[in-house]
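Any read-out appearing in this document is the output of simple, stated calculations on the displayed coordinates, not a laboratory observation. Given the structure is predicted, the values throughout are model-derived calculations rather than measurements. Ideal geometry is used to build each Cβ from the backbone, glycine not excepted, and the neighbour counts take in all protein chains shown.
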Amino acid sequence: MEKEKKKQILKFFMQKGELLSPEYFNNLDDKDKTPEQIYEEYISKKQEKETQIYTKNSSVNITSTYKEDYKKRDITDFVAYFNARYKSIENILMNRQELANIISISRIKDKPEKDSVAFIGIVKEKQQTANNNTILELEDPTGTVKVLINKNKPDMFDSAKDIVLDETIGIVGVTGNNIVFANNILWPDVPIQSELKKSPDESYAIFLSDVHIGSNNFLEKKFNNFIHWLNKEIGDENQKKIVNNISYIFIVGDLIDGLGIYPGQEDELVIKEIKQQYSEAARLLKKLPSHINIIICPGNHDALRIAEPQPEFYKDFAEDLWNLPNVSIVSNPSTVNIHSSEGFPGFDVLLYHGYSFDHYVSNVESIRNNGGYDRADLIMKFLLQRRHLAPTHTSTLYIPDSTRDPLVIDKIPDFFATGHIHKCSVADYRNITMICGSCWQAKTPFQEKVGHHPEPARVPIVNLQTREIKIMKF
Ligand SMILES: [Fe+2]
């Protein structure tokens with residue numbers, strides 16, 4: 001090949017940010033091909049090679065994603081939805097030994113005074129008495145009953161401080177005159193698991209959220225650094241070894257900044273069209289090594305209804321994203337199983353963006369008094385204990401769509417991944433790894449107002465073989 005042509009090819013590759021290996025270059029013999037054709041051939045061969053690794057070492061199985069159903073809804077749908085929710089939590093609670101002999105609430109009044117009683121109900125009301133005891137009103141499909149939580153039982157009284165409206169709990173107590181004196185309160189909770197599940201081979205998963213592409217506060221430079229790191233253009237040898245084994249990236253909502261999310265938001269946008277925001281997101285994600293599986297769910301900034309469950313991104317808006325072969329788009333919430341192989345069941349990941357978090361930061365004393373927005377771990381633990389992503393009806397908007405409540409945490413996950421509050425946190429609760437993603441957006445005036453303390457560009461990297469987690473800062 002003539003010298004001038006070689007120069008042209010090298011220049012073209014450099015412009016595209018690709019380094020051609022000398023071996024590949026020396027084997028080029030087709031004189032008739034343009035530099036552009038040679039480049040395209042090179043890229044497709046490179047992707048083919050990466051895809052081979054991708055199909056060999058990793059797996060993504062979407063176990064639960066919500067598909068929108070456009071039927072009209074009426075009051076009976078709400079009734080069916082609440083009954084479904086109650087039944088699911090009741091079933092979980094009935095596994096508790098203490099609740100083996102429950103009776104329905106309507107039968108409590110038939111019992112003599114000072115008789116032991118156990119039952120399950122939804123918290124309809126919560127009040128403080130003049131003596132500073134707590135009174136709950138609990139409801140099941142048969143009726144309602146008042147329950148007294150005595151301040152002289154300090155452990156129980158303390159945990160009762162965190163009881164929120166509409167959650168479903170179990171009560172063990174003693175009957176009084178039209179009241180039950182509680183001796184024990186039971187939450188559905190997750191069981192104590194003795195073993196932490198570990199992958200048989202070395203592999204890593206990364207959790208991101210709240211990228212906010214399109215916002216003038218999007219930290220593009222930092223995000224590009226992250227992309228460069230994943231392409232091994234920066235980072236030390238040890239990090240490059242890790243990067244080779246990263247198989248999964250989760251993006252837990254708010255991929256774009258959206259449009260019309262709060263008053264005046266349009267003044268903070270550099271990309272003012274939804275479709276273009278998603279196209280830009282696809283352009284950036286395309287730069288990630290194609291062997292990495294990317295799993296994305298929506299958040300409240302994405303171009304969807306805000307009511308949960310939020311379905312998968314609309315193809316009309318996010319076509320470019322749907323077209324990426326290594327991207328899986330799921331609903332919010334959803335569950336995904338990753339990394340299963342022969343003899344290994346894989347890890348179950350529960351994805352929930354976290355729109356309900358704001359409510360619990362302001363309404364749950366133990367969260368509010370222990371760091372609030374800085375403690376996503378406390379909020380996540382609170383929700384796991386209640387086996388519901390938004391136990392109080394007003395904590396999020398919801399669509400009563402099926403005979404099943406998709407916000408119930410029915411399956412125990414290995415990972416509970418969230419975002420929304422723009423501050424990364426990683427913690428363990430009964431062998432469930434709880435991860436809240438950071439963000440890629442500088443603090444906005446709106447966040448200032450609502451009391452968020454964002455810490456952008458933190459990336460938790462989970463070693464699936466050891467379950468160790470490192471947080472990298474970009
Ligand atoms: Fe959000």
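Rounded to the nearest 10 degrees, what's the angle between the helix 274-285 long axis and the longest principal axis of the chain, both from Cα atoms, 0 to 90?
70
Per-residue counts of other Cβ atoms within 10 Å, averaged by peptide: what ranking do you get for 91-100, 426-435, 349-358, highest first?
Details: 91-100: 14.2, 426-435: 18.8, 349-358: 26.2.
Output ranking for 91-100, 426-435, 349-358: 349-358, 426-435, 91-100.
Search the structure for amide H atoms under 5 Å from the amide H of Ile409, placed 1.01 Å from N in the peptide plane, and list their residues when 5 or more places away or on another chain.
Under 5 Å from the amide H of Ile409: His388, Leu389.
Pull out a ≥ b ≥ c, the square roots of the eigenvalues of the alpha-carbon gyration tensor of region 351-432, then state rounded if a/c is under 1.5, prolate if not and a/b is larger than b/c, and oblate in the remaining case.
On the way: a/c = 1.81, a/b = 1.27, b/c = 1.43.
Since a/c reaches 1.5 but b/c is at least a/b, the shape of region 351-432 is classed as oblate.
Residues with amide H under 5 Å of Ile471's amide H, sequence separation 5 or more or different chain, H placed in the peptide plane at 1.01 Å from N; which?
The list, which skips near neighbours in sequence, is Ile461.
Based on other C-beta atoms within 10 Å, arrange Leu384, Leu259 from fewest to most. Intermediate results must be reported in sequence, preceding the final value.
Numbers: Leu384 23, Leu259 16.
By the 10 Å Cβ count, ascending, the order reads Leu259, Leu384.
What FRET efficiency comes out for the pair Leu28/Ile471, r = Cβ-Cβ distance, R0 = 51 Å, nearest 0.05? Let's see the in-between values first.
Numbers: r = 43 Å, r/R0 = 0.85.
Efficiency, from the Cβ-Cβ distance: 0.70.
Out of all DSSP beta bridges in the chain, what portion is antiparallel? Express it as a percent rounded to 5. Provide the component values of the computation, followed by the final result.
On the way: 53 of 78 bridges.
Counting only bridges with both partners in the chain, antiparallel ones make up about 70 percent.
Add -39500 (n - 2.57) for each DSSP H run of 4 or more in the chain, then divide by its residues: what number comes out at 222 nm, to the nearest 500 deg cm²/dmol?
Working: 13 runs with 134 residues, N = 474.
Mean residue ellipticity, 222 nm, calculated: -8500 deg cm²/dmol.
Rank the residues Asp377, Asp302 as a footprinting-exposure proxy: fewest other Cβ atoms within 10 Å of their Cβ go first.
Numbers: Asp377 20, Asp302 27.
Lowest count first: Asp377, Asp302.
Just want the ordering: Phe12, Phe218, from fewest to most Cβ atoms lying within 10 Å of their own Cβ.
Ranking Phe12, Phe218 by Cβ neighbours within 10 Å, fewest first, gives Phe12, Phe218.
Residue farthest toward the positive end of the dipole of the chain, with Cβ of Lys/Arg at +1 and Asp/Glu at -1: which of Leu255, Leu208, Ile122?
Projecting each Cα onto the dipole axis, the largest value belongs to Leu208.
Give me the mean projected area, in nm² to one decimal, of the convex hull enclosing the Cα positions of region 378-474.
Details: hull surface 31.2 nm².
Value for region 378-474: 7.8 nm².
Answer rounded, prolate or oblate for region 240-284, using the Cα gyration tensor with square roots of eigenvalues a ≥ b ≥ c: rounded when a/c is under 1.5, else prolate when a/b is larger than b/c, else oblate. Numbers along the way, then the final one.
Working: a/c = 3.47, a/b = 2.61, b/c = 1.33.
Since a/c reaches 1.5 and a/b is larger than b/c, the shape of region 240-284 is classed as prolate.
Take the alpha carbon atoms of region 158-222, find their center, do the same for region 232-293, and report the distance between the two centers in whole angstrom.
Cα centroid of region 158-222 versus Cα centroid of region 232-293: 27 Å apart.
So what's the angle, to the nearest 10 degrees on a 0 to 90 scale, between helix 75-93 and the longest Cα principal axis of the chain?
80
Less than 12 Å Cβ to Cβ from Arg375, Lys/Arg counted +1 and Asp/Glu -1: what total charge do the surrounding residues give?
On the way: positive: Arg368, Lys381, Lys423; negative: Asp374, Asp377.
Spelling it out: positives minus negatives among the neighbours equals +1.
Can you tell me the dipole magnitude for the chain around its Cα centre, using point charges on the Cβ only (Lys, Arg +1; Asp, Glu -1), in Debye to the nearest 20? Working shown, then result.
On the way: 58 positive and 66 negative charges, 111 e Å.
Here the chain has a charge dipole of around 540 debye.
Put a dot 7 Å past each Cα toward the Cβ at Gln193 and Glu113; how far apart are the dots in nm?
The modelled label-to-label distance comes out at 4.8 nm.
Work out the P(r) tail for the chain: percent of alpha carbon pairs separated by more than 41 Å, whole number.
Details: 31062 of 112101 pairs.
Value for the chain: 28 percent of Cα pairs lie more than 41 Å apart.
List the residues whose amide H sits under 5 Å from the amide H of Ser59, counting only those 5 or more places along or on another chain, with H placed 1.01 Å from N in the peptide plane.
The answer is His339, Ser340.
Can you give me the distance in nm between label points at Asp69 and Arg430, each placed 7 Å from the Cα along the Cα-to-Cβ direction?
It is 3.0 nm.
Pop out the Kirkwood hydrodynamic radius of region 255-380 from its pairwise C-alpha distances, inverse of mean 1/r, in Å to one decimal.
Values: mean 1/r = 0.0602 Å⁻¹.
Evaluated over region 255-380, this radius sits at 16.6 Å.
Which order do the peptides 410-422, 150-162, 69-81, 309-321 take when ranked by the mean count of other beta-carbon atoms within 10 Å per residue, highest first?
Output ranking for 410-422, 150-162, 69-81, 309-321: 410-422, 309-321, 150-162, 69-81.
How far is the Cα center of region 334-411 from the Cα center of region 4-19, in Å?
The distance from the Cα centre of region 334-411 to that of region 4-19 comes to 50 Å.
Quick one: length gained pulling Glu448 to Ala130 fully straight, 0.36 nm per residue minus the C-alpha distance? Could you put the intermediate results ahead of the total?
Working: separation 318, 0.36 × 318 = 114.48 nm, distance 3.80 nm.
Value of the extension gain: 110.7 nm.
Angle, helix 376-386 long axis vs. longest principal axis of the chain, Cα atoms, 0 to 90°, nearest 10?
Orientation of helix 376-386: about 50 degrees from the principal axis.
Using 10 Å bins from zero, what percent of all Cα-Cα pairs in region 100-141 falls into each bin?
The calculated distribution, bin by bin, is 24, 45, 30, 1.
Taking square-rooted eigenvalues a ≥ b ≥ c of the alpha carbon gyration tensor, is region 193-255 rounded, prolate or oblate, where a/c under 1.5 means rounded and, failing that, a/b exceeding b/c means prolate? Please list the in-between numbers first.
Details: a/c = 3.62, a/b = 1.39, b/c = 2.61.
In terms of gyration-tensor shape, oblate.
What's the ranking of 289-299, 19-29 by average number of surrounding C-beta atoms within 10 Å, highest first?
Numbers: 289-299: 24.0, 19-29: 11.3.
Listed from highest to lowest mean packing, they are 289-299, 19-29.
Above 23 angstrom, tally the Cα pairs of region 94-186 and express them as a % of all pairs, no decimals.
14
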